[in-house]
1. Could you name every one of the strands (runs of 3 or more DSSP E) located completely within the range 169-217 that has at least 2 residues being touching a Lys or Arg at 6+ places or on another chain (Cβ under 9 Å)?
2. For the range 211-256, which residues satisfy the criterion of being acidic (Asp, Glu) and closer than 15 Å to Lys101 by Cβ?
3. Name the residue that is most open to solvent (accessible area, probe 1.4 Å), counting only residues in the range 201-212 that are in contact with a helix residue (DSSP H, G or I) (Cβ under 7 Å, 6 or more places away or on another chain) and farther than 25 Å from Cys115 by Cβ.
4. For the condition among the aromatic types (Phe, Trp, Tyr), within 30 Å of Pro184 (Cβ to Cβ), under 32 Å from the mean Cα position of the chain (by Cα) and open to solvent by less than 40 Å² (accessible area, probe 1.4 Å), what is the one hit in Phe39, Phe90?
5. Taking the conditions exactly as written (within 26 Å of Gly238 (Cα to Cα), under 31 Å from the mean Cα position of the chain (by Cα), at pLDDT 90 or above and open to solvent by less than 40 Å² (accessible area, probe 1.4 Å)), does Leu110 satisfy them or not?
6. Identify, please: which residue in the range 19-39 is at pLDDT 90 or above and aliphatic (A, V, I, L, M) and is, among those, nearest to Gly280 (Cα to Cα)?
7. Can you find, within the range 131-142, the residue that is nearest to Ala65 (Cα to Cα) among those that are surrounded by fewer than 22 Cβ atoms within 10 Å (Cβ to Cβ) and of a type outside the set (S, T, N, Q)?
8. If you take the residues of the range 222-271 that are touching a His at 6+ places or on another chain (Cβ under 7 Å) and of a type outside the set (A, V, I, L, M), which of them is most open to solvent (accessible area, probe 1.4 Å)?
Amino acid sequence: MKETPLSNCEKRFLLRAIEERKRLDGRQCYDYRNLRISFGTDYGCCIVELGKTRVLGQVSCELVAPKPNRATEGILFFNLELSPMASPAFEPGRQSELLIKLNRLLERCLRNSKCIDTESLCVVAGEKVWQIRVDLHLLNHNGNIIDAASIAAIVALCHFRRPDVSVQGEEVTLYTPEERDPVPLSIHHMPICVSFAFFQQGTYLLVDPSEQEERVMDGLLVIAMNKHREICTIQSSGGIMLLKDQVLRCSKITGVKVAEITELIQKALENDQKVRKEGGKFGFAESIPSQKITAFKIDQAPIDTNDVQEQAEEIISKAFPPSEVLAKPILWASGTAQIGEGQESSWGDFEESEKEEEEDEDEVNPDEPITVEDQSMESGDTGVRTRNQKGLAAVLHERSRDETIVLSDSEEEDVVILEPEIALSRPESSPKQDINKKTAGKKKKKAV
């Protein structure tokens, strides 16, 4: 997967900021990012963080046959891996041009500079020597991989301890760490790489470029130097022409940066060795800052159990008083109820509202049609039907003959409309007579 290219606006913004002597992370032109070194539980394991660029270094060893042309020298092997975990631009199982260039630069910086005494790695001349393998894994990529990788490699080599051996005749005995203390490697000096990025054909110079700055730079200069100001290797890439004064200025800056980094490495190694001798806690888990969410470390706080009752009373007195609890729920309106709030649920009395509705129905407006509903069921009380019919007769006397009468005798709201002509043809007393006949008929049926 190819990396996402920068847009033209981003490129112009970066270049304009560099022209104004400004950087996105707030650093000055010659400032290095924060360097942090942490060690694992085993010897030769470390993690170097250069800003957000993280590299894991692991050193291992084994007894092998030496090379024919160098029978008394051990073997050094360096391997840098760029996994997709560090950046989506890195493809697994494929050696890119960048990876090959970084591996070659590491070999020239560490192996060709003779920083490790390879003759001390010989066990039996021509037969057995120690092969030291340095594996570097890029965990996160945020620019300047070579500087972080070189620091991680030299730190891991300084921290590594190989098993002790003894030779009796042709027999070689290898001792475990419990039997004999492991032996550190013989290191002459510590070469460290410092990278410089050039912009506008060498007009502007930045130390320790970030990933975004590497995308817009015109050229890169890498100088490997130790604290004695001895240049171990130098490499220029990008195809730009550098003047002698520019290279000399970069070498002077490199000497200052290498001295600071070397002092930081030595302090980190001394602190780790001191903790291991004292039997304290060490490793990656202990190096995680306690303010991060990944650290499950809680400091124990002493608890004073004296005068607990007095302290409790004081806390209660300072606390806010409890809110008032109502004995009965508040009914905001008829037909509503209060549910929850720690009280029993209760519903309001609907009798008053029902009575009011019945009274409203009984009141008839003379300007509107009249609707009479029979509230009784098929098995309802006949007295209720009689009362409704009497009310209907009274209303008919009061109303004029020209008005329309609307009757409803069922619960399903079946409306019967009597036209004014039909009402005029019948005498006024006919409704009463019909109602009386119906009532008499029902009484006879009951008597039977």
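The values are calculated or read from the model by the stated rules, or taken from the named source; none is laboratory data. A quick note: this is a predicted structure, and the numbers were derived from the prediction, not measured. As a convention, Cβ positions derive from the backbone with ideal geometry for all residues, glycine included, and neighbour counts pool all protein chains shown. For the accessible areas, the whole protein counts, side chains as well, though only heavy atoms, and no ligand, DNA or RNA atoms are used. Shrake-Rupley method; radii C 1.70, N 1.55, O 1.52, S 1.80 Å.
1. Filter on the range 169-217 gives 192-199, 204-207.
2. The one that is acidic (Asp, Glu) and closer than 15 Å to Lys101 by Cβ: Glu214.
3. Looking only at the range 201-212, we keep the residues that are in contact with a helix residue (DSSP H, G or I) (Cβ under 7 Å, 6 or more places away or on another chain), and these are 202, 204, 206-208, 212.
If we keep only those that are farther than 25 Å from Cys115 by Cβ as well, we get 202, 204, 206, 212.
Details: Gly202: 8, Tyr204: 45, Leu206: 3, Gln212: 83 Å².
Top of the filtered list is Gln212.
4. Result: Phe39 is the single residue among Phe39, Phe90 that is among the aromatic types (Phe, Trp, Tyr), within 30 Å of Pro184 (Cβ to Cβ), under 32 Å from the mean Cα position of the chain (by Cα) and open to solvent by less than 40 Å² (accessible area, probe 1.4 Å).
5. It is false that Leu110 is within 26 Å of Gly238 (Cα to Cα), under 31 Å from the mean Cα position of the chain (by Cα), at pLDDT 90 or above and open to solvent by less than 40 Å² (accessible area, probe 1.4 Å).
6. Looking at residues that are at pLDDT 90 or above and aliphatic (A, V, I, L, M), I get Ile37.
7. Step one: of the range 131-142, the residues surrounded by fewer than 22 Cβ atoms within 10 Å (Cβ to Cβ) are 131, 133, 135, 137, 139-140, 142.
Imposing the further condition that a residue be of a type outside the set (S, T, N, Q) reduces the set to 133, 135, 137, 139.
Working: Arg133: 15, Asp135: 21, His137: 27, Leu139: 33 Å.
Among those that are surrounded by fewer than 22 Cβ atoms within 10 Å (Cβ to Cβ) and of a type outside the set (S, T, N, Q), it is Arg133.
8. The extreme case among them is His228.
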